[in-house]
1. Could you figure out which of (1) surrounded by fewer than 18 Cβ atoms within 10 Å (Cβ to Cβ); (2) part of a strand (DSSP E or B); (3) modelled with pLDDT under 95; (4) not acidic (Asp, Glu) isn't true of THR24?
2. Tell me whether the range 51-72 contains one or more residues that are modelled with pLDDT of 95 or more, hydroxyl-bearing (Ser, Thr, Tyr) and either under 10 Å from the mean Cα position of the chain (by Cα) or open to solvent by less than 90 Å² (accessible area, probe 1.4 Å) (or both).
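The values are calculated or read from the model by the stated rules, or taken from the named source; none is laboratory data. Not measured: the values here are computed from a predicted model. Quick reminder, even Gly has a Cβ in these numbers, built from the backbone with ideal geometry, and neighbours come from all protein chains shown. Ligands, DNA and RNA are stripped out before the accessible areas are found, and what is left, the full protein with its side chains, is counted by its heavy atoms. Shrake-Rupley method; radii C 1.70, N 1.55, O 1.52, S 1.80 Å.
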Amino acid sequence: MQEEQEIFNISVAINTGLEPLTFTITTYYPAPDPKHERNYRVSRDNETLGVLYQDADHRWHLLEGDLEQEEIEAIGRAIDAHYPK
């Protein structure tokens, strides 16, 4: 059964000393994939910056796009914080 897509905003301090950036996160569920079950499309100003996924060890990875590892991890932490523990 396909789960519903979710859309939410997160604020992430990417550059030290500058205002946090707000990103729109859209979850989607690709065809069954043993590596990850949910992908997160990261966009800003209606432009997709990348697609992230979290592995079984809770590490964040870039599936497509052009984000630095530091940005991936910061955005991933904000996504994690969005969901109640």
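1. (3)
2. No, the range 51-72 has no match at all.
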